[in-house]
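Comments concern the structure below.
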Ligand SMILES: NC(=O)c1ccc[n+]([C@@H]2O[C@H](COP(=O)([O-])OP(=O)(O)OC[C@H]3O[C@@H](n4cnc5c(N)ncnc54)[C@H](O)[C@@H]3O)[C@@H](O)[C@H]2O)c1
């Protein structure tokens, strides 16, 4: 297998699991996260399974960091075949009017701008290679918002829009996009959101 995959959010959760599974299938892995300790751990674990892999520390909402992880991947592996655009965050569960604009900016900067920047810098490499596939981790919230989670739901609707636009705009250029939409997975992401949970929120959320 000579295929090269970039995975963002590879330190924990779905990104880590995907890295471990693809390592078993022989993919070359460029693993990206701002959590260096757990990102290195995933990298060591995939190497133990025999995969060629690098770890690039990056905040996906920072344009220089994004350029750097794409450049490093091409320097080491020469191409990008698959881009798993997966890193994301949640913010505390609230009613929409209770969110501060800082919380809104923080979430949108990671979940929407970070996803956009990844696509912005990966697509030119794929065009040069003759094509590629982008897998965006969207969410059940891309279709039906969970209660008290409106800004996160908006970010995942936006990411679904980016996914469909790639499908439309690059259909003659051999670049394909798919959105993977999990429902509830037991990962770290909701720990931050759960800080506001009380009986009312829990009842609506469930
Ligand atoms: N857990 C769920 O129930 C669920 C459901 C639907 C969709 N999702 C989506 O799945 C994706 C993965 O989340 P998860 O559930 O595995 O949670 P997780 O918190 O375990 O994984 C998210 C990863 O992204 C990284 N990350 C966050 N912000 C980053 C940034 N600015 N720069 C670089 N890395 C950053 C984290 O360090 C972490 O490794 C997210 O996009 C999330 O929205 C999760």
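Couple of notes before you dig in:
- Extension gain (nm, one decimal) between residue 168 and residue 62, 0.36 nm per residue minus Cα-Cα: 35.5 nm
- At R0 = 25 Å, FRET efficiency that the Cβ-Cβ distance of residue 76 and residue 17 yields, to 0.05: 0.65
- Measuring between their Cα centroids, region 177-193 and region 33-111 lie 14 Å from each other.
- The modelled label-to-label distance between residue 98 and residue 180, using points 7 Å beyond Cα along the C-beta direction, is 3.3 nm.
- Working value for the chain: equivalent-ellipsoid semi-axes of 29, 19, 15 Å, each the square root of 5 times a Cα gyration tensor eigenvalue, largest first.
- A full extension of the chain between residue 202 and residue 52 corresponds to an added length of 49.7 nm, given 0.36 nm per residue minus the alpha carbon distance.
- Principal-axis tilt of helix 13-24 within the chain, Cα atoms, nearest 10 degrees: 20
- The fewest-to-most ranking of 1, 159, 126 by surrounding Cβ atoms within 10 Å reads 1, 126, 159.
- For 29, 117, 20, the sequence from fewest to most other C-beta atoms within 10 Å is 20, 117, 29.
- Tensor-based shape of region 30-93 (alpha-carbon gyration tensor, a/c under 1.5 rounded, otherwise prolate or oblate): oblate
- Among 142, 17, 61: highest mean-square fluctuation, GNM of the chain, C-alpha pairs under 10 Å: 17
No value in this document is a laboratory result; all are computed from the given coordinates. Keep in mind that this is a model prediction, so the values were computed, not measured. Note that we place each Cβ from the backbone using ideal geometry, even for glycine, and neighbour counts take in every protein chain shown.
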